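The values are calculated or read from the model by the stated rules, or taken from the named source; none is laboratory data. Please read all numbers here as calculations on a predicted model, not as lab measurements. Here the Cβ positions follow ideal geometry from the backbone for every residue, glycine too, while neighbour counts run over all protein chains shown. For accessibility, only protein heavy atoms count, side chains too; no ligands or nucleic acids. Shrake-Rupley method; radii C 1.70, N 1.55, O 1.52, S 1.80 Å.
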Amino acid sequence: MSVWAVLAAAGRGERLGVDRPKAFAPLAGRPMLAESLERLESSAWIESILVVAPPEWEEPVILLAEELGCGKVAASIAGGETRAESVRIGVEEVGADASVILVHDAARPLLTEEMVERVISPLNEGWDGAVPGLPLVDTVKRVRDGAVEETLPRAELVAVQTPQAFLARVLREAVADSVDATDCSSLVEAKGGRVKAVPGDPRLLKVTTREDLALVESWLNRGRRNG
Ligand code: CTP
Ligand code: MG
């Protein structure tokens with residue numbers, strides 16, 4: 001099995017509101033991207049990494065990868081206007097040898113080897129893809145024009161994270177005629193692909209605001225102190 005990682009890092013980070021793209025916002029003294037890059041590099045599952053960079057930041061990504069000794073980074077390419085567009089650009093650059101593609105958001109820095117394994121393993125058991133999902137704590141309702149239309153069955157719902165892993169063949173086909181989607185799995189689902197939901201990890205929180213950044217930083221520092 002040859003696994004390529006596509007690291008989606010091309011967003012502007014408007015809600016974070018720092019003076020550079022979110023992937024380069026400082027996290028515990030390093031660009032946020034360094035965290036997921038290093039973790040993908042050291043994963044026994046990952047063969048090559050393709051970074052989808054903020055436009056005009058392709059070169060700083062390569063310099064960072066070199067500085068960190070991330071020899072698995074095959075390329076850094078400029079992303080698009082939306083996440084879906086960036087992922088499509090990344091997937092199209094993945095090597096023809098790839099049998100599995102793992103898509104991860106640079107905005108979720110605390111990737112673990114356990115989670116990489118958890119999403120890749122089901123692909124050996126007949127699944128087309130696997131995604132981590134967390135149970136919801138709040139009740140979810142469908143609302144239109146301010147009026148509640150329906151209360152959804154919470155026990156059946158999960159909040160989905162990355163990394164998401166797919167058979168390369170399936171993901172290539174799914175992104176080719178991509179409409180705008182907020183995750184890759186929905187494209188695969190739309191094509192009839194079978195996607196497994198595996199347990200998510202609260203620490204894979206997506207950094208959106210400064211409060212999220214501070215929280216992830218505290219988890220990271222605590223982890224370092226404890227060994
Ligand atoms: N992303 C991307 N290309 C885009 C938009 C987003 O590669 N055009 C990536 C981001 O870099 C991030 C992930 O998709 O790793 C999730 O997106 P999000 O958290 O929304 O990040 P941003 O779009 O950067 O943030 P904001 O929406 O606040 O501007
Ligand atoms: Mg965004």
Can you pull out every residue in the range 1-16 that is at pLDDT 95 or above and open to solvent by 10 Å² or more (accessible area, probe 1.4 Å)?
Ser2, Trp4, Ala8, Ala10, Gly11, Arg12, Gly13, Glu14, Arg15
Tally up the residues in the range 18-37 that are within 16 Å of ligand 2 (Cβ to nearest atom) and either part of a strand (DSSP E or B) or of a type in the set (S, T, N, Q) (or both), please.
0
Any chance you could count how many residues in the range 78-93 are in contact with a strand residue (DSSP E or B) (Cβ under 8 Å, 6 or more places away or on another chain), away from ligand 2 (no atom under 11 Å from the Cβ) and open to solvent by 30 Å² or more (accessible area, probe 1.4 Å)?
3
Hey, among Glu66, Glu93, Glu47, Glu41, which residue is charged (D, E, K, R), more than 14 Å from ligand 1 (Cβ to nearest atom) and within 25 Å of Trp127 (Cβ to Cβ)?
Glu47
Given the options Glu93, Glu85, name the one that is acidic (Asp, Glu) and farther than 30 Å from Leu215 by Cα.
Glu93
For the range 1-17, give me the residue count where each residue is within 16 Å of ligand 2 (Cβ to nearest atom), in contact (Cβ under 8 Å) with a residue 12 or more places away in the chain and in a loop (DSSP other than H, G, I, E, B).
8
Taking the condition in contact (Cβ under 8 Å) with a residue 60 or more places away in the chain, open to solvent by 20 Å² or more (accessible area, probe 1.4 Å) and either within 20 Å of Val216 (Cβ to Cβ) or touching a Cys at 6+ places or on another chain (Cβ under 6 Å) (or both), does Arg20 pass?
no
Here, strands (runs of 3 or more DSSP E) confined to the range 78-156 with at least 3 residues that are of a type in the set (A, V, I, L, M) are 100-105, 129-135
Find all pairs meeting these conditions: Cβ atoms under 7 angstrom apart; at least six residues apart or on different chains; first residue within the range 111-138 and touching a residue at least 40 places away in the same chain (Cβ under 8 Å); second residue charged (D, E, K, R) and not in a helix (DSSP H, G or I).
Thr112/Asp201; Met115/Asp201; Pro122/Lys196; Trp127/Arg194; Trp127/Lys196; Asp128/Arg194; Ala130/Lys196; Pro132/Asp201
Answer yes or no: is there a residue in the range 110-118 that is more than 17 Å from Trp45 (Cα to Cα), open to solvent by 40 Å² or more (accessible area, probe 1.4 Å) and at pLDDT 95 or above.
no
Restricted to the range 159-170, and to residues that are open to solvent by less than 40 Å² (accessible area, probe 1.4 Å) and part of a helix (DSSP H, G or I), which residue is farthest from Asp105 (Cα to Cα)?
Val170
With Glu149, Glu156, Glu173, Glu125 as the choices, which residue is acidic (Asp, Glu) and surrounded by 14 or more Cβ atoms within 10 Å (Cβ to Cβ)?
Glu173
Being modelled with pLDDT under 90 and among the acidic types (Asp, Glu) is the filter; apply it to the range 163-188 and report the residue that is farthest from the chain's Cα centre (by Cα).
Asp177
Any idea how many residues of the range 139-178 are on the phi > 0 side of the Ramachandran plot and touching a residue at least 60 places away in the same chain (Cβ under 8 Å)?
0
